[in-house]
Amino acid sequence: MGKDKTEKETKTSKIEPKIDEIQRRKIVDIITNKYIVSSTLLTISIFIIEMFLRYLTESSFNDFGVVRIFISSLIIGMGISWILHFFKRIIARVINAILIAVVGIYAFVELLLYNLIGFYMGMGNAEQGTKVGEFIDSTIKTMNIHHASLLIVTVVLVVLYIFIDIYVSKKAYKPRRRKFSKALLINMIPLLVIGLLCTFYYHTVRSKSYQSELQATSNYSLWLYPENSNLTVNNYGVVMYIFLDIKNQITGIDSEYIMNLEMQEVVQEEKKEEPVTDYTRIIDDSAWDELIANTSDGTYNSLNNYLKNRSITPKNDYTGMFKGKNLIIILMESVNEIAIYNEEYFPTLYKMYHEGISFKNNYSPRNNCSTGNNEMTVLTSLWTINNTCTANAYLKNKYSYASFNIFNRAGYKTAAFHDYTQKFYLRGTTLPNMGAGAYYGVEKLGIPYSTSYTEADDKDMFKAAKDYYMSDAPFMVYFASVTPHQSYVASQTCSDRYFTKYRNLGYSEYLSRYLSKMQVFDEAMKELLDELKAAGELDNTVIAMFGDHFPYGLNDNDINDFFTKNNAGYTINRNSTTNKNVDKTPMLIYNAAMEKPIEVTDYTTIIDLLPTLLNLFDMDYDPRLYLGTDALSETHVSRAYFSDKSWVDENGFYYAPTNKMTYTGDTKYDATTIASINKEISTRQNMSATAIQNNYFKYLYEGLEKYKKVEEPTTTSGE
């Protein structure tokens with residue numbers, strides 16, 4: 001019996017190592033499995049790049065967007081790895097390494113654009129990428145040094161992936177051949193998991209439980225129409241953003257679809273019944289009512305009902321202040337409040353700002369096409385569409401209530417001027433679409449120009465343009481300047497003119513070139529004033545000026561150096577999540593005959609400029625058709641709205657991508673108030689985009705003209 005026991009123990013001891021070896025082999029098989037290694041490393045790499053981008057843009061890590069980004073990274077990692085596991089391991093390794101590199105480089109390019117203009121680039125506005133390329137020297141100079149760490153992280157992830165995959169593959173056992181049915185079952189398991197992850201992911205998209213109660217645009221709307229790239233990237237990540245943007249290009253879903261989707265949640269501006277006074281603006285809506293009754297198009301009627309039911313801004317003490325005078329509107333290219341803080345450097349701009357109507361808390365909201373879109377916003381008082389150069393994208397549109405058309409109908413001669421070609425913006429079509437009687441580009445003006453956009457001297461434009469309008473009062477003309485535009489890196493005619501002066505004052509090389517260009521622009525403005533005076537039209541002419549955006553080609557330190565030395569009272573951080581100081585720009589209305597200056601302390605944006613001018617000139621216009629408001633009116637809401645649906649007022653700053661409110665005073669808003677403000681902003685932007693996409697204002701003008709009652713001429717007895 002003892003012998004039998006010993007033999008049994010011996011057999012058992014021989015079996016146990018075999019069992020341990022099988023278990024160990026199973027564990028090694030799992031750890032070294034090509035699919036598991038690939039999907040794990042690919043998921044982690046994509047997620048790390050996403051989170052690092054989030055860190056560099058100071059976005060929040062304390063919201064469900066982070067979880068959603070991890071789920072999408074896992075779905076991508078598992079999905080691509082499932083496809084590649086049918087290939088040889090070395091092929092899968094190379095493809096995955098390339099994929100990680102592409103994701104990192106794409107994220108870096110998006111970071112470049114975000115740092116430059118405050119928005120991520122989409123397919124609908126890919127030409128902005130070429131602009132970054134054209135001014136790549138300035139773009140790199142504006143970056144913070146730690147932004148380059150995203151590329152370093154990408155390289156490290158690629159190297160780690162290759163190293164780990166090679167190391168693990170050497171430890172792997174030779175794969176065993178499995179029966180077809182078993183292999184098929186194993187291959188289907190990842191697809192089942194991916195399917196479950198996709199189902200849950202989509203549930204987070206559709207359910208409001210996974211978004212902030214303050215969110216201005218729902219996750220589902222962003223999923224369908226990712227027009228607001230900042231909100232989309234915050235909620236879905238940069239990789240999913242490009243997927244959603246491509247999907248949107250294919251499906252063609254636009255703001256009209258989103259407007260109809262969210263119509264039940266639209267917050268209609270409260271229309272108060274006010275007693276009739278001398279300031280009441282009486283508008284006959286009978287033609288509009290008849291047009292609505294005869295319109296079957298649901299989109300047009302949604303816009304009709306929304307706009308018609310908006311409050312009519314009344315007249316005020318400033319109505320008609322400039323009635324009958326000439327008007328010149330000037331876009332100041334790349335001009336921020338540097339222009340108004342030093343009388344010695346820029347005496348003309350300083351004088352015009354401080355002796356005219358100055359807007360002390362004005363902003364020019366950045367978007368993916370800030371110059372072209374902000375030009376259109378000023379001339380039409382409409383929100384443009386973030387992911388397009390809107391006027392270029394909708395070339396067939398007619399804007400019957402744009403500034404030029406209003407003045408055309410009042411008997412003014414209108415024209416537009418620009419001292420460069422149509423390389424970037426198709427002004428030869430877009431400005432006449434807004435009613436400009438004529439457009440004069442650099443060729444038509446006969447100005448010598450360089451192939452370099454940044455060599456233009458605006459003084460040449462003003463000199464050449466005067467022959468086309470100065471003797472035809474009353475006139476309303478528009479100038480788009482060029483001189484202060486980047487680049488500030490290389491030597492150029494205008495940037496060299498006063499470079500030594502500012503360099504000797506202690507400013508950096510790049511800031512000195514910008515300040516030189518600004519002084520050249522200031523001299524161009526003096527040229528314009530002198531021309532008006534010589535023609536006897538200075539006192540009879542109003543000049544309205546706005547900056548389209550801050551000087552992109554300068555880094556924050558350069559701008560802050562100037563602000564500090566010239567006592568601006570604030571500094572900027574272009575990627576700040578607590579303020580929009582970077583978007584503060586000068587907006588002014590100047591007339592040499594004004595008896596005293598007027599300061600507007602309300603928070604405004606450039607969308608308010610046109611309604612303010614129309615009231616000052618006492619033009620025949622309907623305030624409801626403009627999404628800005630007369631800033632001199634008591635009904636103006638002191639709040640500046642931005643393209644990403646953020647906003648600022650006297651009480652604080654709301655940053656829409658992270659739904660964060662930063663207060664600057666004692667007054668606090670409850671969640672309901674913030675949500676109401678957010679919904680109003682979202683509605684205005686959706687309505688504006690839908691109107692543009694459907695050429696609504698052409699339809700409206702022609703319809704109102706059709707149904708307008710024509711008064712019969714009166715006759716006297718005996719005739």
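Among the residues of the stretch 431-476, write down those that are of a type in the set (S, T, N, Q) and modelled with pLDDT of 90 or more.
Initial filter on the stretch 431-476 (of a type in the set (S, T, N, Q)): 433, 450-452, 454, 471.
Result: ASN433, SER471.
Criterion first (out of contact with any helix residue (DSSP H, G or I) (no Cβ under 9 Å at 6 or more places or on another chain), aromatic (Phe, Trp, Tyr) and not in a loop (DSSP other than H, G, I, E, B)) does TYR699 satisfy it? Spell out the reasoning first.
On the way: out of contact with any helix residue (DSSP H, G or I) (no Cβ under 9 Å at 6 or more places or on another chain): no; aromatic (Phe, Trp, Tyr): yes; not in a loop (DSSP other than H, G, I, E, B): yes.
Spelling it out, it is not the case that TYR699 is out of contact with any helix residue (DSSP H, G or I) (no Cβ under 9 Å at 6 or more places or on another chain), aromatic (Phe, Trp, Tyr) and not in a loop (DSSP other than H, G, I, E, B).
Among the residues of this structure, GLY320 counts as one that is out of contact with any His (no Cβ under 9 Å at 6 or more places or on another chain), modelled with pLDDT of 95 or more and in the same structural domain as LYS580 (by TED's automatic domain parsing).
The residues in the stretch 481-516 that are farther than 30 Å from ALA544 by Cβ, crowded, with 16+ Cβ neighbours inside 10 Å and of a type in the set (Val, Ile, Thr) can be counted, and the count is 1. Within the stretch 368-382, residues that are more than 16 Å from LYS398 (Cα to Cα) reach partners that are among the hydroxyl-bearing types (Ser, Thr, Tyr) and crowded, with 24+ Cβ neighbours inside 10 Å with beta carbons closer than 6 Å, at six or more positions or on different chains, in the pairs ASN374/SER364.
If you scan the stretch 609-666, which residues turn out to be on the phi > 0 side of the Ramachandran plot and among the charged types (D, E, K, R)?
The initial filter retains those residues of the stretch 609-666 that are on the phi > 0 side of the Ramachandran plot, namely 618, 645, 652, 659.
ASP618, LYS645, listed by residue number.
LYS360: of a type in the set (Lys, Arg), in the same structural domain as GLU680 (by TED's automatic domain parsing) and either at pLDDT 95 or above or loosely packed, with under 15 Cβ neighbours inside 10 Å (or both), yes or no? Spelling it out, LYS360 is indeed of a type in the set (Lys, Arg), in the same structural domain as GLU680 (by TED's automatic domain parsing) and either at pLDDT 95 or above or loosely packed, with under 15 Cβ neighbours inside 10 Å (or both). Suppose we keep only residues that are free of Cβ contacts under 8 Å to residues at least 24 places away in the same chain and in contact with a helix residue (DSSP H, G or I) (Cβ under 9 Å, 6 or more places away or on another chain) within the stretch 95-112. Which one would you say is farthest from VAL582 (Cα to Cα)? Out of the qualifying residues, it is ILE95.
To keep it simple, each residue is scored yes or no on (1) within 16 Å of TYR236 (Cα to Cα); (2) part of a helix (DSSP H, G or I).
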{"position": "MET51", "(1), (2)": "yes, yes"}
{"position": "ASN62", "(1), (2)": "yes, no"}
{"position": "ILE69", "(1), (2)": "yes, yes"}
{"position": "MET78", "(1), (2)": "no, yes"}
{"position": "ILE90", "(1), (2)": "no, yes"}
{"position": "VAL94", "(1), (2)": "no, yes"}
{"position": "ILE105", "(1), (2)": "no, yes"}
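Give me the residue from the stretch 42-86 that is polar (S, T, N, Q) and modelled with pLDDT of 95 or more and, out of that set, nearest to VAL109 (Cα to Cα). Lay out the reasoning, then the answer.
So the first thing to find is which residues in the stretch 42-86 are polar (S, T, N, Q), and the list is 43, 45, 57, 59-60, 62, 72-73, 81.
From what is left, the residues that are modelled with pLDDT of 95 or more are 43, 45, 72-73.
Values: THR43: 21, SER45: 17, SER72: 21, SER73: 19 Å.
Within the stretch 42-86, the match that is nearest to VAL109 (Cα to Cα) is SER45.
I'm trying to understand the selection: among the residues of the stretch 113-131, which are in a helix (DSSP H, G or I) and modelled with pLDDT of 75 or more? Working first, answer last.
Filtering the stretch 113-131 for residues in a helix (DSSP H, G or I) gives 113-117, 123-125, 127-131.
LEU113, TYR114, ASN115, LEU116, ILE117, listed by residue number.
Sort out which residues of the stretch 569-605 are farther than 21 Å from LEU113 by Cα and buried (at least 19 other Cβ atoms within 10 Å of the Cβ), and write them in order of number.
Step one: filter the stretch 569-605 for residues farther than 21 Å from LEU113 by Cα, giving 569-571, 586-605.
Listed by number, the residues that qualify are PRO586, MET587, LEU588, ILE589, TYR590, ASN591, VAL600, ASP602, TYR603, THR604, THR605.
Considering only the stretch 457-465, I want to know if a residue exists there that is assigned by TED's automatic domain parsing to the domain that holds LEU327, closer than 26 Å to ASN326 by Cα and assigned to a loop (DSSP other than H, G, I, E, B). Yes - at least one qualifying residue is present in the stretch 457-465. Residues satisfying the criterion are absent from the stretch 678-687 (criterion: modelled with pLDDT of 95 or more, surrounded by fewer than 20 Cβ atoms within 10 Å (Cβ to Cβ) and not assigned by TED's automatic domain parsing to the domain that holds PRO226).
If the condition is being closer than 21 Å to ASN581 by Cα and β-branched (Val, Ile, Thr), then the stretch 654-673 contributes THR658, THR662, THR664, THR667. Among the helices (runs of 4 or more DSSP H) confined to the stretch 476-553, the ones with at least 1 residues that are touching a strand residue (DSSP E or B) at 6+ places or on another chain (Cβ under 8 Å) are located at 509-534.
The values are calculated or read from the model by the stated rules, or taken from the named source; none is laboratory data. Treat the numbers as computed from the prediction; the structure is a model and nothing was measured. Virtual Cβ from ideal backbone geometry, glycine too; neighbours counted across all protein chains shown.
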